[in-house]
1. Rounded if a/c is under 1.5, else prolate if a/b is larger than b/c, else oblate: which is segment 156-250, with a ≥ b ≥ c the root eigenvalues of its Cα gyration tensor?
2. Divide by every residue of the chain the summed helix terms, -39500 (n - 2.57) for each DSSP H run of at least 4, and state the resulting mean residue ellipticity at 222 nm, rounded to the nearest 500 deg cm²/dmol.
3. Starting from segment 138-229, pick out the trypsin sites (Lys or Arg not before Pro) whose DSSP state is loop and whose Cβ has at most 12 other Cβ atoms within 10 Å.
4. Normalise the Cα radius of gyration of segment 65-187 by 2.2 N^0.38 Å (N = residues in it) and let me know the number.
5. Rounded to the nearest 5, what % of the DSSP beta bridges within segment 4-248 are antiparallel ones?
6. Within 12 Å, Cβ to Cβ, of Pro202, how many net charges do the neighbouring residues add up to if Lys/Arg are +1 and Asp/Glu are -1?
7. Out of all DSSP beta bridges in segment 1-75, what portion is antiparallel? Express it as a percent rounded to 5.
8. Less than 13 Å Cβ to Cβ from Ser61, Lys/Arg counted +1 and Asp/Glu -1: what total charge do the surrounding residues give?
Amino acid sequence: MLSFLDSGTGVPILWIHGFPHSAALFEPQTAIARARHIRIDLPGFGATPPPVADPGMAGYSAAAIAVLDALGLPQVIVAGVSMGGYIIMQMLRDAPDRIRGLILIDTREQADSDAAREDRFKTIAEIERLGPQPVIDHMLPKMVADETRRDPFRRVMAAATAPGMIAAQRAMASRPDSTATLRGVRVPALILCGERDPITPPEDARRMASLMRSARVEILAGAAHASNFDRPEEFNRIVAEFLESLSSGA
């Protein structure tokens, strides 16, 4: 079972972090009222032990659904940053009936290009040779544009283990294209992206929205890849509005 944090009351939101984060990524979002915030640690991140074998996207999806089963939650809103978004797209294939709404954050639906896949295996080799720290140091400026928030974000990444990071890179390298999956979405969707995201830029967010029947896109000014952490007040306001629209049936 994945380690998770469960706080607040109201509409349940399952928050799924990206690479190389942990449930702590979503600490700023616990300020969103009238919501139950379920924040999971994927294998090898935060408080969840490293995986024994590579889980792949299907394994991550199954582990997330197992948390919902353990909590007795038949349906939730799922929210994911970057790799967390990839996991959500797998959940849409595996258990669409468990998903009441989507919040896709700084992610994309496309599979890796050959060049991107090659870069992932270079990253794996670097982690095997030098451990997690050089990769964390390299990624930090891409994650958070606000320099005053970089030290707190470094602490978010500090609990990442080498096995967890390697398994995540392999899972992302082998993930399928999710274009058809998003075309089949029939639940409300909110897509957020940092204006200065160098990994999944705003054009990725707008392209995803064009695939779905009902998707709202919000670009957060000045934010980088972890836009929820970089601009938490604006992010939380937008999510609160989305939750209100669901409760009102808009």
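1. Details: a/c = 1.84, a/b = 1.29, b/c = 1.43.
Judged from the Cα gyration tensor, segment 156-250 comes out oblate (a/c at least 1.5, b/c at or above a/b).
2. Numbers: 10 runs with 112 residues, N = 250.
My calculation for the chain gives -13500 deg cm²/dmol from helical runs alone.
3. On the way: sites: Lys142, Arg149, Arg150, Arg154, Arg155, Arg170, Arg183, Arg186, Arg196, Arg206, Arg207, Arg213, Arg216; in loops: Arg186, Arg196, Arg213.
When the trypsin sites (Lys or Arg not before Pro) of segment 138-229 are filtered for loop state and at most 12 Cβ neighbours within 10 Å, Arg186, Arg213 remain.
4. Details: Rg = 16.2 Å, N = 123, 2.2 N^0.38 = 13.7 Å.
This ratio for segment 65-187 stands at 1.18.
5. On the way: 4 of 30 bridges.
Of the beta bridges lying entirely in segment 4-248, close to 15 percent run antiparallel.
6. Numbers: positive: Arg108, Arg196, Arg206, Arg207; negative: Asp106, Glu195, Asp197, Glu203, Asp204, Glu218.
Taking every Cβ under 12 Å from that of Pro202, the sum is -2.
7. Working: 4 of 10 bridges.
Antiparallel bridges: around 40 percent, rounded to the nearest 5.
8. Numbers: positive: Arg93, Arg98, Arg175; negative: Asp69, Asp94.
Charge balance in the 13 Å sphere: +1.
No value in this document is a laboratory result; all are computed from the given coordinates. Quantities reported herein were computed from a predicted structural model and do not represent experimental measurements. Methodologically, a virtual Cβ is constructed for each residue, glycine included, from the backbone with ideal geometry; neighbour enumeration extends over all protein chains shown.
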